[in-house]
1. Which loop-located GluC sites (Glu not before Pro) does the range 18-80 contain, where loop means any DSSP state but H, G, I, E or B and the Cβ has at most 12 other Cβ atoms within 10 Å?
2. Under a Cβ-Cβ cut-off of 12 Å, what is the net charge of the residues other than A70 that fall near it, where Lys and Arg count +1 and Asp and Glu count -1?
3. Is there a pair in K115/K156; K102/K159; K93/K141; K93/K135 whose C-alpha atoms are over 28 Å apart, and which pairs would that be?
4. Translational D (Stokes-Einstein, µm²/s) of the range 116-175 at 20 °C and 1.002 mPa s when Rh comes from the Kirkwood sum over C-alpha pairs?
5. May I have the extent of the alpha carbons of the range 25-98 along their three principal axes, as whole Å values ordered from largest to smallest?
6. For the ranges 140-147, 74-81, what's the packing order if you count other beta-carbon atoms within 10 Å of each residue, average per peptide, and put the highest first?
7. With contacts defined as alpha carbon pairs under 8 Å and 6 or more residues apart, what's the relative contact order of the range 116-175 in percent?
8. Sort the following peptides by mean Cβ neighbour count (other Cβ atoms within 10 Å, averaged over residues), highest first: 129-135, 105-111.
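A short reminder: the numbers here are calculations on the coordinates, not readings from a lab. None of these values were measured; they are calculated from a predicted model. Cβ atoms come from the backbone with ideal geometry, glycine included; neighbour counts cover every protein chain shown.
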Amino acid sequence: MKKLAFLIIPFTLLAQMPEPFECNKIFEERKQELELKLEQIDEQRQAYEALKDATEAMLKRKEKKLKKIAEDLNATRVKLQIQKREIKRLIAKNEKLLKAIKEAKADKVSQTYAKMKASAAAQILSSMKASQAAKIVATLKPKTVGQILAKMDPLKASKITLLLEDNSSRIEKSR
């Protein structure tokens, strides 16, 4: 019973006070404030979602673009590797042709000097630099070389002989 008396007193006091109406008014105002806050939060959430979607779309476009660039770079790299191999092949082919041309030229020069008289060949080779003369003499048969060197100035013949010796020792070392 005491509990009931305790509850009755506050209700009677509330009935006498005009404040419960003001509480409802305060609750209504607070409710409106909260609803406004909820609307603001919802607007911000929507703006965030829109920004997030736009950012993801932009990121996907950039990733797609980067993937395309990477594919193009890989394709270019493969093309360059193919071209590099082709260039190396052509260089090797050209080097073989150049070597064949040089050998043919040397053979022709060698044949020319081999057909000449030893005195005429000696006179021509004497007027050349010793290194050039040695290159030509190196392509001739030893018998022909001996005949030509015998007709040359001894000093020039010795220089050519030394160069021939150096060339033959280099060739032996490279074998």
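1. Qualifying residues, ordered by number: none.
2. Summing Lys and Arg as +1 and Asp and Glu as -1 gives +2.
3. K93/K141
4. 187
5. 107, 10, 8
6. 140-147, 74-81
7. Dividing the mean separation by the residue count of the range 116-175 yields 43 percent.
8. So the peptides 129-135, 105-111, ranked by packing, come out 129-135, 105-111.
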